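The values are calculated or read from the model by the stated rules, or taken from the named source; none is laboratory data. In this text, all values refer to a predicted model and were calculated from it rather than measured experimentally. A quick note on method: Cβ atoms are made from the backbone with ideal geometry, for glycine too, and the neighbour counts reach across all protein chains shown.
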Amino acid sequence: MADPVVSFDRVDVRLGGCLIQEQMTFSLQPGEYVGILGPNGAGKSTLLKLILGILEPSAGKIEGFGQEPRVGNRRIGYTPQFHSLEASLALRSRDIVGFGLDGHRWGPGWPNKLRTQKINRVLDEVGCLDLAEASFGELSGGERQRMMIAQALLSDPELLLMDEPLASLDLVHAQEIVALTDKIRRERGTTVLFVTHDVNPLLQVMDKVLYMAGAHSALGSVEEVITTEALSALYGSRVDVIRQADRVFVMGVDV
Ligand SMILES: Nc1ncnc2c1ncn2[C@@H]1O[C@H](COP(=O)(O)OP(=O)(O)OP(=O)(O)O)[C@@H](O)[C@H]1O
Ligand SMILES: [Mg+2]
């Protein structure tokens, strides 16, 4: 097996006096597409922030690319769950995407022509080149999400962390975002961590699911993890998993 992209070794996460996750141990291989599921407050966003080095574990060891996480690592792209975008709504979409270059090693001095080429390339990759000059505020939810993905791609990351990119999207647009991220994974070989509350749009593309609940987590295939037995054990109470056609429903908990 190749060296893992991310590894957690007996990691405890404590925030505001609460134990969020206990003894978290897993590793992710290059090019894997992993869905992260779990109820509100389970620690999904916290997990991404630990990998980014924004938060530190209270015990245990985390490695990204064989090193301790550090903020500003260009090998990791990130689309956060919440954007403070009010101030940005009037900006051109291409300028919002361009923020993905600033703050990295090139800084604002990145030459204009190359900068434009690079931005155009990622805009094209997410299918939004024709929206480059539109103000961000004009865009639909799905288009904004594509712009955020374009921004995250600017540093050519080997690992893409996406925190609820499907929130507020209808099924068709959710499937388009999933298909786009799968294309990025296949074409670039990027490892993808994708937080979502609905597993169904991911069923065709993901290799593994990381399920977080009740301070514990389980990593494995959908068939291994999303079962009545495994989820009841994680939640510590009865949870029913129902399969209908090619969809999976988790009943008895709010996910
Ligand atoms: N900086 C912090 N200080 C104290 N508590 C925090 C901090 N960040 C997160 N928490 C708490 O940690 C828990 C996990 O939060 P997190 O945002 O990771 O959950 P989540 O699984 O992403 O939930 P959601 O599905 O609602 O986005 C929550 O109870 C939250 O209030
Ligand atoms: Mg969250």
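What residue, among those in segment 144-171 that are in contact (Cβ under 8 Å) with a residue 60 or more places away in the chain and within 16 Å of ligand 2 (Cβ to nearest atom), is surrounded by the fewest Cβ atoms within 10 Å (Cβ to Cβ)?
Across segment 144-171, the extreme among qualifying residues is 167.
With the structure loaded, tell me whether residue 36 is at pLDDT 95 or above, within 15 Å of ligand 2 (Cβ to nearest atom) and in contact with a helix residue (DSSP H, G or I) (Cβ under 6 Å, 6 or more places away or on another chain) or whether it fails that test. Give the steps one after another, and end with the answer.
Values: at pLDDT 95 or above: yes; within 15 Å of ligand 2 (Cβ to nearest atom): yes; in contact with a helix residue (DSSP H, G or I) (Cβ under 6 Å, 6 or more places away or on another chain): yes.
Yes: the conditions hold for residue 36.
Would you pick out the residues in segment 185-199 that are under 12 Å from residue 209 (Cα atoms) and outside any loop (DSSP other than H, G, I, E, B)?
Across segment 185-199, the qualifying residues are 192, 193, 194, 195.
Mind checking which residues of segment 41-73 are surrounded by 15 or more Cβ atoms within 10 Å (Cβ to Cβ), in a loop (DSSP other than H, G, I, E, B) and away from ligand 2 (no atom under 16 Å from the Cβ)?
So the first thing to find is which residues in segment 41-73 are surrounded by 15 or more Cβ atoms within 10 Å (Cβ to Cβ), and the list is 42-53, 55, 57, 60, 62-65, 69, 73.
Next cut, in a loop (DSSP other than H, G, I, E, B) only: 42-43, 53, 55, 57, 65, 69, 73.
Within segment 41-73, 53, 57, 65, 69, 73 qualify.
Counting only residues that are in contact (Cβ under 8 Å) with a residue 40 or more places away in the chain and not hydroxyl-bearing (Ser, Thr, Tyr), how many does segment 128-142 have? Explain how you work it out, then say what you get.
In the first step, residues of segment 128-142 are kept if they are in contact (Cβ under 8 Å) with a residue 40 or more places away in the chain; the result is 132-137, 139.
Restricting the remaining residues to those that are not hydroxyl-bearing (Ser, Thr, Tyr) gives 132-134, 136-137, 139.
Result for segment 128-142: 6.
Quick check on segment 205-224: of everything there that is over 14 Å from the mean Cα position of the chain (by Cα) and of a type in the set (D, E, K, R), which residue is farthest from ligand 2 (Cβ to nearest atom)?
223
Residues of segment 34-78 being among the hydrophobic types (A, V, I, L, M, F, W, C), over 25 Å from residue 221 (Cβ atoms) and either away from ligand 1 (no atom under 12 Å from the Cβ) or touching a strand residue (DSSP E or B) at 6+ places or on another chain (Cβ under 9 Å) (or both), which ones?
52, 55, 59, 71
Against the condition within 16 Å of ligand 1 (Cβ to nearest atom), surrounded by 17 or more Cβ atoms within 10 Å (Cβ to Cβ), under 13 Å from the mean Cα position of the chain (by Cα) and not assigned by TED's automatic domain parsing to the domain that holds residue 227, how does residue 202 come out, does it pass? Walk me through how you get there before you give the answer.
Values: within 16 Å of ligand 1 (Cβ to nearest atom): yes; surrounded by 17 or more Cβ atoms within 10 Å (Cβ to Cβ): yes; under 13 Å from the mean Cα position of the chain (by Cα): yes; not assigned by TED's automatic domain parsing to the domain that holds residue 227: no.
Considered against the rule, which asks whether it is within 16 Å of ligand 1 (Cβ to nearest atom), surrounded by 17 or more Cβ atoms within 10 Å (Cβ to Cβ), under 13 Å from the mean Cα position of the chain (by Cα) and not assigned by TED's automatic domain parsing to the domain that holds residue 227, residue 202 comes out as no.
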